[in-house]
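Asks: Just dropping this structure here.
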Amino acid sequence: MHYRPLGKTGLTVSGLGFGCGAVGGILVNGTQTELRRAVAHAIECGITYFDTAPSYGNGQSEQNLGLALEELHANVIVGTKVRLGTEELGNIEQAVAQSVEQSLRRLRRDQLDLIQLHNPLDLERHPQRGWLSLADVAQVVAAFQSLQQAGKVRSWGLNGLGHSAVLHQALASGAQTIQACFNLINPSAGIPVPPNFPFQDYQQLIDRAAERGLGVIAIRVLAAGALSGSADRHPNAAQSVEPIASGNSFAADVAWARRFDTLVAEGYASSLVEAAIRFVVGKPEVATTLVGISSIGQFDQALAAVNQGALPPEAAAQLQTIWQST
Ligand SMILES: NC(=O)c1ccc[n+]([C@@H]2O[C@H](COP(=O)([O-])OP(=O)(O)OC[C@H]3O[C@@H](n4cnc5c(N)ncnc54)[C@H](OP(=O)(O)O)[C@@H]3O)[C@@H](O)[C@H]2O)c1
């Protein structure tokens with residue numbers, strides 16, 4: 001396992017991060033025995049970054065993670081989030097502070113290592129969709145800074161979802177980290193894509209963020225599981241998932257993912273999942289590659305892929321051909 005600094009936060013994180021969301025689902029839908037075994041196993045294997053949010057299982061993920069880590073006396077880095085609802089936009093500072101207090105309680109901690117704004121961003125607020133404006137972000141930043149001064153949070157960041165140009169502007173907010181959607185289907189956050197590319201162009205958000213010293217956390221590395229090449233869902237996983245910045249359905253993403261089977265056929269990787277994870281790990285600006293985990297077996301496969309490191313350089317030419325032909 002490799003370890004990389006999380007930007008200028010002063011934190012160092014494992015190259016593989018444990019996604020505690022509902023998509024993988026073990027921290028939300030797993031039995032207590034199963035999820036505790038998974039967390040303990042991940043820590044034994046060297047994982048030091050766990051990513052959760054109040055909205056994952058409506059508090060369940062934070063609660064289960066907090067309990068498991070307390071039992072293990074584990075000293076790992078936990079990142080959580082705050083998602084502001086429409087009714088909270090009248091007093092953003094208070095809503096952020098309340099959410100952080102609730103997360104601290106559920107996680108059984110005195111200080112959060114990392115708090116991230118969960119809402120996507122656009123030029124204007126879209127309350128019905130939960131998207132915030134840059135003016136809202138300024139208020140969230142003020143709230144995060146006071147919580148930092150009060151010692152409640154150690155570092156803070158943003159979510160790299162929303163309108164691309166606005167996300168690039170938000171990099172100047174003082175944020176210390178950003179979560180960026182980056183995978184084989186839509187690599188635009190880290191690789192230039194052609195003008196006719198069919199999905200949202202994040203315009204190398206990862207590179208621009210890293211240049212400013214933000215720590216980058218890669219998300220949707222397996223396109224919520226579509227990059228397994230199979231539409232089957234594990235019983236612990238969310239049974240229905242919305243694609244982010246890729247096809248218009250999970251089934252469409254699964255079909256798209258099969259274009260990358262050639263990486264396996266050419267012998268660059270032994271499975272599509274391995275290829276997808278190694279592609280992201282190969283981007284040095286990514287501090288940690290989050291994978292949503294449904295089972296210990298899936299964790300072990302992700303770990304093996306991370307430990308293999310970047311795809312061989314010859315695979316890059318093959319990938320360019322696929323992306324240029326989309
Ligand atoms: N900031 C945000 O708004 C945001 C958004 C999304 C995710 N995240 C973070 O990223 C984490 C990861 O979630 P994600 O949505 O990005 O999902 P992901 O990691 O792209 O995909 C996770 C899915 O991949 C499949 N998978 C994992 N390992 C596999 C293996 N070895 N073989 C076959 N399939 C495998 C599983 O599907 P099955 O369960 O069906 O087998 C799992 O549910 C979340 O927990 C969260 O922490 C953040």
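Asks: Kirkwood hydrodynamic radius (Cα pairs, Å) of segment 84-190?
Replies: 14.3 Å
Asks: May I pose another question? Please figure out what share of the DSSP beta bridges in the chain is antiparallel and state it in percent, rounded to the nearest 5.
Replies: Looking only at bridges with both residues in the chain, the antiparallel portion is about 10 percent.
Asks: Moving on. So what's the convex hull volume per residue for the Cα atoms of segment 234-292, in Å³?
Replies: 111 Å³
Asks: Give, as a single signed number, the net charge of other residues whose beta carbon lies under 11 Å from the beta carbon of PRO312, with Lys and Arg counted +1 and Asp and Glu -1.
Replies: -1
Asks: Please report, in cubic angstrom per residue, the volume enclosed by the convex hull of the alpha-carbon atoms of segment 188-230.
Replies: Looking at segment 188-230, the number lands at 79 Å³ per residue.
Asks: A further question follows. For segment 36-134, place one equal point scatterer on every Cα, skip the solvent, and apply the Debye formula. What is log10 of I(q)/I(0) at q = 0.11, 0.12, 0.22, 0.23 Å⁻¹?
Replies: -0.37, -0.43, -1.08, -1.15
Asks: Out of all Cα-Cα pairs in segment 182-258, roughly what percent, to the nearest whole number, are more than 20 Å apart?
Replies: In whole percent, the share of Cα-Cα pairs in segment 182-258 beyond 20 Å is 35.
Asks: Right, another one. Relative to the compact-globule scaling 2.2 N^0.38 Å, provide the ratio for the alpha-carbon radius of gyration of the chain.
Replies: That works out to 0.93 for the chain.
Asks: Convex hull over the Cα atoms of segment 1-89, averaged projected area in nm²?
Replies: Projected area, direction-averaged: 6.7 nm².
Asks: As an exercise, take the mean of 1/r over every pair of distinct alpha carbons in segment 137-248, invert it, and state the Kirkwood radius in angstroms.
Replies: Hydrodynamic radius (Kirkwood, Cα only) of segment 137-248 equals 15.4 Å.
Asks: Taking the Cβ of GLY229 as the centre, find all other residues whose Cβ is under 15 Å away and add up their charges (Lys, Arg: +1; Asp, Glu: -1).
Replies: -1
Asks: Name the most mobile residue of SER164, SER249, SER271, meaning the one with the largest mean-square fluctuation, in a Gaussian network model of the chain with Cα contacts below 10 Å.
Replies: Of SER164, SER249, SER271, the Gaussian network model singles out SER249 as fluctuating most.
Asks: Additional query: With the radius of gyration and the Kirkwood radius both derived from the Cα set of segment 20-61, what is their ratio Rg to Rh?
Replies: Ratio of gyration radius to Kirkwood radius for segment 20-61: 0.97.
Asks: Cα centroid distance between segment 144-180 and segment 191-259, in Å?
Replies: 21 Å
Asks: Then there's this: Among ILE277, ILE92, what is the fewest-to-most ranking by other Cβ atoms within 10 Å?
Replies: ILE92, ILE277
Asks: Moving to a separate point now. Based on the mean of other beta carbon atoms within 10 Å per residue, what is the order of 46-56, 259-269, most packed first?
Replies: 46-56, 259-269
Asks: Let me ask something else about it. Using the charge dipole of the chain (Lys, Arg: +1 at Cβ; Asp, Glu: -1 at Cβ; taken about the Cα centre), state which of PRO198, ALA302, PRO54 has its Cα farthest towards the positive end.
Replies: Of the options given, the answer is PRO54.
Asks: Continuing with the same structure: Tell me the net charge near PRO127. Cut-off is 13 Å between Cβ atoms, PRO127 excluded, with +1 for each Lys or Arg and -1 for each Asp or Glu.
Replies: Cβ neighbours under 13 Å give a net charge of -2.
Asks: Could I ask something else about it? Given N residues in segment 171-212, what is its alpha carbon radius of gyration divided by 2.2 N^0.38 Å?
Replies: The reported ratio for this selection is 1.20.
Asks: Sorted from largest to smallest, which semi-axis lengths in Å does the alpha carbon gyration tensor of segment 167-326 give for its equivalent ellipsoid, taking the root of 5 times each eigenvalue?
Replies: 23, 18, 17
Asks: What is the Cα radius of gyration of segment 278-326 over 2.2 N^0.38 Å, N being its residue count?
Replies: Ratio of Cα Rg to 2.2 N^0.38 Å: 1.33.
The numbers here are math on the coordinates, done by the rules we state, and not lab data. Just so it is clear, the model here is predicted, and its values are computed rather than measured. Glycine also receives a Cβ, built like all others from the backbone with ideal geometry; neighbour counts cover every protein chain displayed.
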